[in-house]
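Undergrad: First the structure, which I've put down as structure tokens, then a few questions once you've had a look.
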Amino acid sequence: MAKKKRKLTAREKAEKARRKREFMTIFIHGKMKRVRRPQQIDGIDADEFVRRNADPLWLHANEMWEDIEEGGAGLEEISRPVKTTPEKDPF
């Protein structure tokens, strides 16, 4: 006769939940392997988060030149001159 399955204790459930959050299972050469999950920020991969939110100056300072957009699209908003005097007709 087969052995009866027992319920997991609270400690075992907590450990199982922690492992599930920290690791993911992938197949390598037909075998299941457990590897650490990639780091995420707000549910987005960390590299994608940096690409979306970093300005060109920060990317340059951290030597991420391949992520800097060509043409300076991000700098146009910053480099526009600010008018401090109201436009009035001098005549």
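Undergrad: Among the residues of the range 19-33, are any more than 29 Å from ASP67 (Cα to Cα), hydrophobic (A, V, I, L, M, F, W, C) and touching a Ser or Thr at 6+ places or on another chain (Cβ under 9 Å)?
TA: So far as the range 19-33 goes, yes, one or more of its residues are more than 29 Å from ASP67 (Cα to Cα), hydrophobic (A, V, I, L, M, F, W, C) and touching a Ser or Thr at 6+ places or on another chain (Cβ under 9 Å).
Undergrad: Return the total of residues in the range 57-91 being modelled with pLDDT under 85 and either hydrophobic (A, V, I, L, M, F, W, C) or not in a loop (DSSP other than H, G, I, E, B) (or both).
TA: Residues flagged as modelled with pLDDT under 85 and either hydrophobic (A, V, I, L, M, F, W, C) or not in a loop (DSSP other than H, G, I, E, B) (or both) within the range 57-91 amount to 16.
The values are calculated or read from the model by the stated rules, or taken from the named source; none is laboratory data. Keep in mind that this is a model prediction, so the values were computed, not measured. Don't worry about glycine lacking a Cβ; one is built from the backbone with ideal geometry, like all the others, and counts go over all protein chains shown.
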